[in-house]
Structure formats: structure tokens, C-alpha cells
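Here the structure is laid out as C-alpha cells; the discussion comes afterwards.
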Amino acid sequence: VVLMDVRMPGIDGIAATARLRTGEDPAPQVLVLTTFDADATVVEALRAGAAGYLLKHTDPERIVEAVQRAAAGEPVLSPSVTRTLMDRVAGSGGPSERTTRRDRARARLAQLTDREREVAEAVTAGLSNAEIADRLYMSMGTVKAHVSNALTKLDLTGRVQLALLTHDAAEHD
């Protein structure tokens with residue numbers, strides 16, 4: 001797990017995150033730890049492949065827990081960042097922009113099998129692999145395989161990107 005700040009000399013943390021997530025195999029999980037909670041910055045970091053986004057004033061115990069969760073492939077967000085994201089998603093773009101984003105997301109998700117889409121929707125709901133396995137009557141290995149297949153088919157680097165794409169596809173007019 002790489003702890004990444006957004007503002008750094010030379011290259012910004014979002015570009016560095018994108019490079020790390022696409023340049024390594026296996027790519028390390030990236031957890032953004034910064035003072036900046038602007039909604040655009042949060043979304044850019046998550047779209048670049050960050051596994052999570054925490055603010056620097058987060059308690060040390062929560063940072064340790066977040067690193068452990070990121071290492072396990074689970075998304076991690078500070079509560080205030082979660083609120084920022086929810087506000088952005090709820091009001092992002094006008095109707096035509098939301099329709100275009102929704103249609104593009106739906107077209108991409110059409111590449112997945114029905115079962116992979118079910119798993120992607122469960123990821124979007126914030127369920128862990130164990131919860132998905134229980135809910136969809138699968139083994140943990142099968143859930144991991146479906147998540148991995150979805151990420152590969154969609155050229156995504158992490159569960160957060162999958163959740164954002166699936167959310168976009170589910171948006172209503």
C-alpha cells in the first residue's frame with residue numbers, strides 16, 4: 001500500500017497514482033492521505049485508481065485500519081470525503097451530461113456477464129467479498145474471480161473505479 005499526497009513536487013499525486021496503478025503488475029494499492037477534500041480532487045484520485053482517500057487529520061488508528069483495508073482490496077474513505085462524494089454524485093452535471101455518462105457506462109458494462117454485473121453492483125453497494133459471496137451464494141474465490149474479470153474487461157485498476165462506473169450506469173434521468 002502506497003500512501004500518496006495530492007500535492008507533491010514534480011508530479012502531482014493523482015498522476016502518480018495513475019502511473020502506479022497501471023505501471024506495476026501487480027499494482028500496489030494507493031491510499032491518498034492529504035489535506036485537500038475538494039470534490040473534484042477526490043473524484044480524480046478515485047478515477048485514477050486510488051483505493052481510498054483520507055484526510056490528514058484522521059486518527060492514527062483509523063489510518064492503520066485504512067491501510068489494512070486497502071491492502072485487502074477494500075475501498076476506504078474519510079466520512080467527510082464520503083459526504084463530499086455523495087453531494088457531488090447527487091448534483092453532478094445537467095440532465096444531458098448525466099444521460100451521456102450513464103449511456104457510456106452502460107455500454108462498457110455490457111461487456112460483462114450477468115454474474116459479473118451482479119458482483120459489480122454488489123461492489124457498488126459497498127459490500128465486502130465475504131458479503132458478496134454470502135448474498136450471491138458464491139465462494140470467495142468465485143467473487144474474487146468475477147471482480148478480477150470485470151476489472152480486466154473494463155480496463156479498470158480497482159474496486160472504487162468499478163463502483164463509480166456501475167453507479168454511473170445506474171443513474172436515472
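The values are calculated or read from the model by the stated rules, or taken from the named source; none is laboratory data. Computed from a predicted model, the values in this text were never measured in an experiment. Note that we place each Cβ from the backbone using ideal geometry, even for glycine, and neighbour counts take in every protein chain shown. To get the accessible areas, we keep the full protein, side chains included, count just its heavy atoms, and leave off ligands, DNA and RNA. Shrake-Rupley method; radii C 1.70, N 1.55, O 1.52, S 1.80 Å.
Take the residues in segment 133-149 that are among the hydrophobic types (A, V, I, L, M, F, W, C) and over 14 Å from Gly73 (Cα atoms), then tell me which one is least open to solvent (accessible area, probe 1.4 Å).
As a first pass, look at segment 133-149 and keep what is among the hydrophobic types (A, V, I, L, M, F, W, C): 133, 136, 138, 140, 143, 145, 147.
From what is left, the residues that are over 14 Å from Gly73 (Cα atoms) are 133, 136, 138.
Details: Ala133: 11, Leu136: 26, Met138: 28 Å².
Among those residues, the one meeting the criterion is Ala133.
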So, in segment 1-42, exactly how many residues are in a helix (DSSP H, G or I) and under 17 Å from the mean Cα position of the chain (by Cα)? 14
Right, Thr113: among the hydroxyl-bearing types (Ser, Thr, Tyr), touching a His at 6+ places or on another chain (Cβ under 9 Å) and more than 18 Å from Thr22 (Cβ to Cβ) or not? yes
Is segment 150-159 home to any residue that is surrounded by 13 or more Cβ atoms within 10 Å (Cβ to Cβ) and over 24 Å from Thr17 (Cβ atoms)? no
Of all residues in segment 9-42, count the ones that are open to solvent by 70 Å² or more (accessible area, probe 1.4 Å) and touching a helix residue (DSSP H, G or I) at 6+ places or on another chain (Cβ under 8 Å). 0
Tally time: how many residues in segment 16-60 are under 20 Å from Leu154 (Cα atoms) and of a type in the set (A, V, I, L, M, F, W, C)? 10
Apart from one, (1) over 15 Å from the mean Cα position of the chain (by Cα); (2) at pLDDT 85 or above all hold for Gly93; the odd one out is (2)
What do you reckon, is Ala45 open to solvent by less than 50 Å² (accessible area, probe 1.4 Å), at pLDDT 85 or above, small (Gly, Ala, Ser) and in a helix (DSSP H, G or I)? yes
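How many residues does segment 102-127 hold that are more than 21 Å from Val76 (Cα to Cα), not polar (S, T, N, Q) and not in a helix (DSSP H, G or I)?
The total comes to 2.
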